[in-house]
């Protein structure tokens, strides 16, 4: 593959970039909570120090798309066994997404639970590897959200709003902190082998923010990023010649138009593009990983190989300074995601098997490299599942209570937070809304969710809109 | 969800402190102990959940982080009363239920508080905010020594105040390139540039403007601006991103309307109430697609009646938010759950607008093969339809205010009408339909109010938008928010003057373009200078013309135009050019064909590229085209390495560079010297005589490249062509190509 070289980029620019271009690259006058750049006066992805003390520098969000069942993974309910097949008192027909198919008849969990770690965190037998990391987890059993429908619930978890069009959490984080490695996208999305979740690219949209803050999907094969390399027929030498002439003319044009930072920024963007070519290829090159690491993530087994690869990629990306990595488990729809309408056991057997070892491997690998201390790992989906049966063997969507967990940067491991009623139907203790979760993530990254705002149509928007409280009990 | 607005908080506090000593003592004796027992564990002292502190009277009246929980004198409108009621959601306190007697105490206390001078009651809200006042009728300042029309007098007066001087007029090649991109989104041809540069007649420039305004490219360019506002897309966005096979008819309606210079009032009426304006007109019905453009989730609404009603209201929320922002510069969408935080828009105003749209239904109206309305009796032979938002009859669906926007928490009934702050000058409640009417008439009544010459917002908002698209920034920078939280106008009198000119011209936008573009302000050079930049770095006072980067559509269209491949065909279903194969794999929901080789059917203007919300066309998206999930009043301008990658490496760019080279070779004839080819290439791409040294640079690089290709075994003719392609590709990447001076 032809590549540009640094020399090619700099060849006609004397000592390198002019002062303007350099300042743009470094973003020297960018500050946290900076007003929205309508013109590229500073590099939108230049690193910005967090305004408050930060425990985490980066985020890996393991998104179990489709709605994993809290009742079968982290929130055991013996009452469901007792009531198996019988009505439960808390059930309301209007809460069921599938209407008539979900009747008031409890379904016992097909799985066994045990308490793990010093803290005695309940984890089902579908997550044996993860169970060995119990003392790293802060398990929040009192999550709730505003919709029991995939598309709006996904939007809410990703963007804070159940409507389309708001910037996603990764966009907010990169807007607030920039990137520590401009040679890679600041916000990377790794999809499941089954394809994109519903809502597609809107799940990692920059909304009304500039395109710089958009999530960039990395492809599983070939060039990781679109347009990374020239098309066939454009050789290395040819590309180099083009860039040389382009650099010369752009510099002359800038010299004739002094004071135009936008022109300098565009010259610098070609430099970044050049660096991205080698950095992106290097980041996805797993050949350098020893067999022991590959095995840790389950790359040696078919069932875990795809998600394992993405978890390993996530580690390689955060290691290189990528700010936010979103890793999806589950794609497309229905059984290809965690959407266990028809057969909970069959569905969760598969998706747990695909994710258990890779997630545990990721946590352990991050830890052994000292990265877990300042990398926040989040696990969860867009909602939970009903304690009542859908059809005979499935569970329906449930928004009133579900479980998520966090680990790593600034999180108090071995914590159980919040509680649900005997059936896992309603939250009974310490309810945590999606904005609460988002506020906590931003807090860990050193940002006040009330002050991280982006002006759009004359209003200062927030990821948490008008609510959100940091979950103090989750903090180390 | 927020509760109420800061603005009303002030009102309540003032009202509360003004009197009501009986209420004071009632609070201390009865209410406070009750709150202490049931609420203060979470709302006071150590914890103040949601920012609500119920330990003292002042704090209770101050309310939560998101706004007050008490509306003085109105227990039924007070959130506190609602939440402690049996249907409260979230019910407070979380466990248990206040007794009837306890609830009565709280109600009595609230009743005893002085009634606030508000809003929800339907009384006009007072505001001295500039945009809500009748526009002034300023005369351009006289006695100015610089300028060509009234605009310049206003601009110069402001520059004088800041101690700045306007810039000299740009050279003619710059002017014609600026005007051509501005009005058509395309570059001028070298012939057009030369004709203007050499035209000695005094009205040469005016004739260029008139020619451009009359060209079909005008509607494609300015229609695209409107499509940003109208959040136009060809798919639903949510979930499986369902296709909208007839959405393009709305896009074509917009382009045609701009080209026809349709009076703005008519444009407003058709889009909001086309079925009431002329139910027999396919054009008017198509215009109601404005209300259908928002994201939708039709394939995946929940199964219950409640889910469907929520979804219906969410869709109407998009219509209300978009309508108020686009036509009025009001962020009324912010008042769905609570009174507006900044503007005097009580929550009831939102529901007055909901009442206007509440009886509409989404309809696919059948068309015959010629795109005319199919007869009701005749079964249409084609599957062709248009997307409309219409009413089925004159019976209005009753509307109730919804506390916190929650469909399960109904408040008082609300009638359709204008925001109460305008009710002194407009009917707060629109007339009921006349007997025999086919619809409720409420949308037409709203449109008539919006389009009325005396509406204080409509014409300022429109004039400001037109100004913004010419200069990159509006006189009011927050173009869809003229409210208290919006930006102040940099030139308020100029804005009012432009608005009054628009009204005087019958709402014809082309006349406004002509006025703006023939001003000396618009004709200034874009060259910066250190002294002025130190005073006004953002050029808000327009001491020069700001340089602007082309939008994504203009980048792609200019590439096609320069390469000589642009297919001028207008209208019809959206086009689907080639996408990288990996992108198609990544989304299993798209129906985008795998194009192996692009042809003229793909090389149409970018306004016709199919807008798939979940798979936006990369070149447009990377250059900041909006995602169409909500109205977009101003695009950000990003500079990204991924933009450089697409311009360098996309097959489209390399393919078009090849066609650009072939065009040069074809037009120059056999044996044309490299210098002639290079000069023509520079002219085509940059629209001016080549700068010094450029032709020599190009010839030198082409000679070296050709030699290298020959050395690698290519025949001479191919080697020369490849070297020319390199030059063409470089030109399409230059800053001079991407920026308009």
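The values are calculated or read from the model by the stated rules, or taken from the named source; none is laboratory data. Values in this document were obtained by computation on a predicted structure and should not be read as measured data. As a convention, Cβ positions derive from the backbone with ideal geometry for all residues, glycine included, and neighbour counts pool all protein chains shown.
Inside region A:151-172, can you point out the residues that are in a helix (DSSP H, G or I), closer than 25 Å to residue A:48 by Cβ and within 12 Å of another protein chain (Cβ to nearest Cβ)? Residues satisfying the conditions are A:159, A:171. Hey, does region B:600-607 have a residue that's surrounded by fewer than 24 Cβ atoms within 10 Å (Cβ to Cβ) and over 26 Å from residue B:218 (Cβ atoms)? The answer is no, given that none of the residues of region B:600-607 is surrounded by fewer than 24 Cβ atoms within 10 Å (Cβ to Cβ) and over 26 Å from residue B:218 (Cβ atoms).
Determine whether region B:463-471 contains at least one residue that is within 19 Å of the chain's Cα centre (by Cα), farther than 30 Å from residue A:257 by Cα and away from every other protein chain (no Cβ under 14 Å). Checking region B:463-471: at least one residue is within 19 Å of the chain's Cα centre (by Cα), farther than 30 Å from residue A:257 by Cα and away from every other protein chain (no Cβ under 14 Å). The combined condition, being within 11 Å of another protein chain (Cβ to nearest Cβ) and touching a strand residue (DSSP E or B) at 6+ places or on another chain (Cβ under 8 Å), is not fulfilled by residue B:682. All conditions in (1) buried (at least 23 other Cβ atoms within 10 Å of the Cβ); (2) within 18 Å of residue B:315 (Cα to Cα) hold for residue A:140, with the sole exception of (2). Note on region B:240-257: residues that are over 17 Å from residue B:451 (Cα atoms) and part of a helix (DSSP H, G or I) amount to 9. In the set (1) in a loop (DSSP other than H, G, I, E, B); (2) out of contact with any helix residue (DSSP H, G or I) (no Cβ under 6 Å at 6 or more places or on another chain), the condition left unmet by residue A:282 is number (1). Within the option set B:681, B:698, B:691, B:670, being more than 15 Å from residue B:173 (Cβ to Cβ), free of Cβ contacts under 8 Å to residues at least 60 places away in the same chain and not in a helix (DSSP H, G or I) holds for one residue only, B:670. Among the residues of region B:340-368, which ones are crowded, with 22+ Cβ neighbours inside 10 Å and at pLDDT below 90? Hits for region B:340-368 are B:340, B:341.
Can you find even one residue in region A:228-247 that is under 19 Å from residue B:625 (Cα atoms) and either buried (at least 20 other Cβ atoms within 10 Å of the Cβ) or at the interface with another protein chain (Cβ under 7 Å from one of its Cβ atoms) (or both)?
Keep residues of region A:228-247 that are under 19 Å from residue B:625 (Cα atoms), which gives none.
Scanning region A:228-247 turns up no residue that is under 19 Å from residue B:625 (Cα atoms) and either buried (at least 20 other Cβ atoms within 10 Å of the Cβ) or at the interface with another protein chain (Cβ under 7 Å from one of its Cβ atoms) (or both).
Among the residues making up region B:76-104, those that are farther than 20 Å from residue B:340 by Cα, part of a helix (DSSP H, G or I) and without any contact (Cβ under 8 Å) to a residue 60 or more places away in the chain are B:81, B:83, B:84, B:100, B:101, B:103, B:104. In this entry, residue A:262 passes the filter for residues that are part of a helix (DSSP H, G or I), in contact (Cβ under 8 Å) with a residue 60 or more places away in the chain and either within 8 Å of chain B (Cβ to nearest Cβ) or within 25 Å of residue B:537 (Cα to Cα) (or both).
Among the criteria (1) more than 7 Å from chain A (Cβ to nearest Cβ); (2) farther than 20 Å from residue B:595 by Cβ, the one residue B:656 does not fulfil is (2).
Residue by residue, here is whether (1) within 9 Å of chain A (Cβ to nearest Cβ); (2) without any contact (Cβ under 8 Å) to a residue 60 or more places away in the chain; (3) on the phi > 0 side of the Ramachandran plot holds:
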| position | (1), (2), (3) |
| --- | --- |
| B:316 | no, yes, no |
| B:334 | yes, yes, no |
| B:343 | no, no, no |
| B:346 | no, no, no |
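Can you say whether residue A:164 is under 19 Å from residue B:297 (Cα atoms) and buried (at least 23 other Cβ atoms within 10 Å of the Cβ), as far as the supplied structure shows? Yes; evaluated as a whole, the condition is true for this residue. Comparison of A:134, A:96, A:108 shows that the only residue that is touching a residue at least 60 places away in the same chain (Cβ under 8 Å) and either away from chain B (no Cβ under 14 Å) or surrounded by fewer than 20 Cβ atoms within 10 Å (Cβ to Cβ) (or both) is A:134.
Here is a yes/no grid of residues against (1) at pLDDT below 95; (2) farther than 23 Å from residue A:317 by Cα; (3) within 14 Å of chain B (Cβ to nearest Cβ); (4) surrounded by 22 or more Cβ atoms within 10 Å (Cβ to Cβ):
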site: A:379; (1), (2), (3), (4): no, no, no, yes
site: A:387; (1), (2), (3), (4): no, yes, no, yes
site: A:408; (1), (2), (3), (4): no, no, no, yes
site: A:414; (1), (2), (3), (4): no, yes, no, no
site: A:459; (1), (2), (3), (4): yes, yes, yes, no
site: A:470; (1), (2), (3), (4): no, yes, yes, no
site: A:475; (1), (2), (3), (4): no, yes, no, no
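Within region B:563-615, the residues that satisfy the criterion of being at pLDDT below 95 and away from chain A (no Cβ under 14 Å) are B:593, B:594, B:595.
Kindly indicate which of B:443, B:400, B:460 is touching a strand residue (DSSP E or B) at 6+ places or on another chain (Cβ under 9 Å), on the phi < 0 side of the Ramachandran plot and assigned to a helix (DSSP H, G or I).
The match here is B:443.
Yes/no per residue for (1) under 23 Å from residue B:499 (Cα atoms); (2) within 29 Å of the chain's Cα centre (by Cα):
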site	(1), (2)
B:412	no, no
B:420	no, yes
B:423	yes, yes
B:426	yes, yes
B:429	no, yes
B:437	no, no
B:442	no, yes
B:445	yes, yes
B:449	yes, yes
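Looking at this structure, is residue A:215 touching a residue at least 24 places away in the same chain (Cβ under 8 Å), more than 7 Å from chain B (Cβ to nearest Cβ) and under 18 Å from the mean Cα position of the chain (by Cα)?
Values: touching a residue at least 24 places away in the same chain (Cβ under 8 Å): yes; more than 7 Å from chain B (Cβ to nearest Cβ): yes; under 18 Å from the mean Cα position of the chain (by Cα): yes.
When the stated conditions are applied, residue A:215 passes them.
Counting only helices (runs of 4 or more DSSP H) wholly contained in region B:149-238, the ones carrying 2 or more residues that are crowded, with 22+ Cβ neighbours inside 10 Å and within 29 Å of the chain's Cα centre (by Cα) occupy B:150-162, B:172-184, B:204-214, B:217-229.
Out of everything in region A:248-259 that is touching a helix residue (DSSP H, G or I) at 6+ places or on another chain (Cβ under 7 Å) and assigned to a loop (DSSP other than H, G, I, E, B), what residue ends up being farthest from the other protein chains (Cβ to nearest Cβ)? Looking at residues that are touching a helix residue (DSSP H, G or I) at 6+ places or on another chain (Cβ under 7 Å) and assigned to a loop (DSSP other than H, G, I, E, B), I get A:257. Considering region A:195-205 alone, what residues qualify as being assigned to a loop (DSSP other than H, G, I, E, B), on the phi < 0 side of the Ramachandran plot and within 8 Å of chain B (Cβ to nearest Cβ)? Scanning region A:195-205 gives A:196, A:198, A:205. Taken residue by residue, region B:631-651 has no member that is in a helix (DSSP H, G or I), over 32 Å from the mean Cα position of the chain (by Cα) and within 11 Å of chain A (Cβ to nearest Cβ). Under 6 Å by Cβ, and 6 or more places apart or on different chains, what pairs join a residue from region A:272-296 that is within 14 Å of chain B (Cβ to nearest Cβ) with one that is outside any helix (DSSP H, G or I) and surrounded by fewer than 18 Cβ atoms within 10 Å (Cβ to Cβ)? That search, which allows pairs on different chains as well, returns A:277/A:3. As a summary of the residue check, residue B:692 satisfies the conditions (1) within 11 Å of chain A (Cβ to nearest Cβ); (2) at positive phi; (3) at pLDDT below 95 except for the one numbered (2).
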